[in-house]
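Following: one structure in structure tokens, then a few remarks.
The values are calculated or read from the model by the stated rules, or taken from the named source; none is laboratory data. All values reported here derive from a predicted model rather than from experimental measurement. Note that we place each Cβ from the backbone using ideal geometry, even for glycine, and neighbour counts take in every protein chain shown. Only protein heavy atoms, including side chains, enter the accessible area calculation; ligands, DNA and RNA are left aside. Shrake-Rupley method; radii C 1.70, N 1.55, O 1.52, S 1.80 Å.
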Amino acid sequence: MDSKASTTATPLLNQEKPNNLPSNPKKERDFLNHVEAYLAKRDGVDKLLKISRYAAKIILASSALPETLTLTHRLKSFDSSVGVSRKAFRLGKFVQDVNALRNSSFDSNEDLVLTLIAYGGEGLYFFVEQFIWLAKSGLIDSKHSRSLQKISAWAEFIGYVGSISLKFKDLNRISEDEKCLKSSIEIAITRGNKCQEEKERLSKLCEKKLLKRLSVVQDAADALMALADIRDGDGLFLGPLSISLSGMLSALISTHKNWVSC
């Protein structure tokens, strides 16, 4: 889930950069160094595992392979193994939600409630996932697995409801800032100002808006998967293929976000 951030748009229209200053284009990062930095992150490896797992799930759910084929059994085994491996990456991850709550600032009671729902739900989900991993790995009795999975799914779903609500509020703020900045640029152009700095800020704001929209789509896909766990796959768009496609969409968006940020 993304942390909240408000963007102010107060352009400095009367300040122009001297023409003799050299441009400082952003240095393109070496690809292999970027890959190394990405794989050094816990989320980076986790999302690659998620992509590989849901690729296998899509193949299995599409019935493209006969049940008797050896590859089908191997894909099922791979799916199960990767699922358990991914849970290990969630050890201690609930701490980031605790810290996010501690460091959050609230503009209204509505923000306070939504933040508690978002981070509280996700934090509880990550906390319970640790015990599910212990049950699946055989350290604690597996008879508790079923009830733990239900608690985990409900916490995850509730967390995503809060997260999506917060992100829609963030999108509204970004849209307002974008309108203000566009209006300021139009005024500056009529006055004959270059306003290059404001144009760069507008470009960054549009990029931020796109990433926030992608994040909403990712949360919606993950919420759909949590709902499928709650309802045991019973319901419209909760079948194996739909959920597998949702998982792949979520994994690809998250991978892109992590790649850009690292």
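Using equal-weight Cα scatterers in the Debye expression, the normalised intensity of segment 32-261 in log10 at q = 0.12, 0.17 Å⁻¹ is -0.79, -1.37. The phi torsions of segment 151-165, fed into the Karplus equation with coefficients 6.51, -1.76 and 1.60 and a -60° offset, translate into couplings of 4, 4, 5, 5, 4, 5, 4, 5, x, 5, 4, x, 5, 5, 4 Hz, rounded to whole numbers, with Gly and Pro shown as x. Given a 1.4 Å probe and the protein chains as shown, residue 206 ends up with an accessible area of around 60 Å². Element breakdown for segment 32-261 at a 1.4 angstrom probe: carbon and sulfur atoms account for 61% of the accessible area. Each residue of segment 55-61 is assigned a 3J(HN,Hα), and the resulting list reads 5, 5, 5, 5, 4, 5, 6 Hz, derived from the Karplus form 6.51 cos²θ - 1.76 cosθ + 1.60 (θ = phi - 60°), x at Gly and Pro. Annotation for segment 84-136 versus segment 165-228: alpha-carbon center distance of 26 Å.
Helix-only arithmetic for the chain: the sum of -39500 (n - 2.57) across DSSP H runs with n ≥ 4, divided by the residue total, places the mean residue ellipticity at 222 nm at -25500 deg cm²/dmol. The figure for residue 142 is an accessible area of roughly 80 square angstrom, using a 1.4 Å probe on the protein chains alone. Among 155, 88, 221, the residue with the largest mean-square fluctuation in a Gaussian network model of the chain, with springs joining Cα atoms closer than 10 Å, is 88. Taking all protein chains into account, the per residue accessible area for the chain stands at 59 Å² (1.4 Å probe).
Only protein heavy atoms count here; under a 1.4 Å probe, residue 46 has an accessible surface of about 10 Å².
Charged side chains reduced to their Cβ positions (Lys and Arg at +1, Asp and Glu at -1) give segment 54-93 a dipole of some 320 debye around its Cα centre. Placing dummy labels 7 Å off each Cα toward the beta-carbon, the span from residue 71 to residue 189 is 5.4 nm. Within straight-line reach of residue 93, meaning a Cα separation under 14 Å, sit the following aspartates and glutamates at least 8 residues removed in sequence or on another chain: 43, 46, 122, 129, 156.
Farthest toward the positive end of the dipole of segment 32-261, out of 51, 106, 147, is the Cα of 51, where the dipole comes from beta carbon charges about the Cα centre.
Computed from point charges on the beta carbon alone (+1 for Lys and Arg, -1 for Asp and Glu), the dipole magnitude for the chain about its Cα centre is near 460 Debye. Mean-square fluctuation check for the chain, GNM, Cα pairs under 10 Å: which of 69, 124, 181 is largest? Most flexible of the set in this elastic network: 69.
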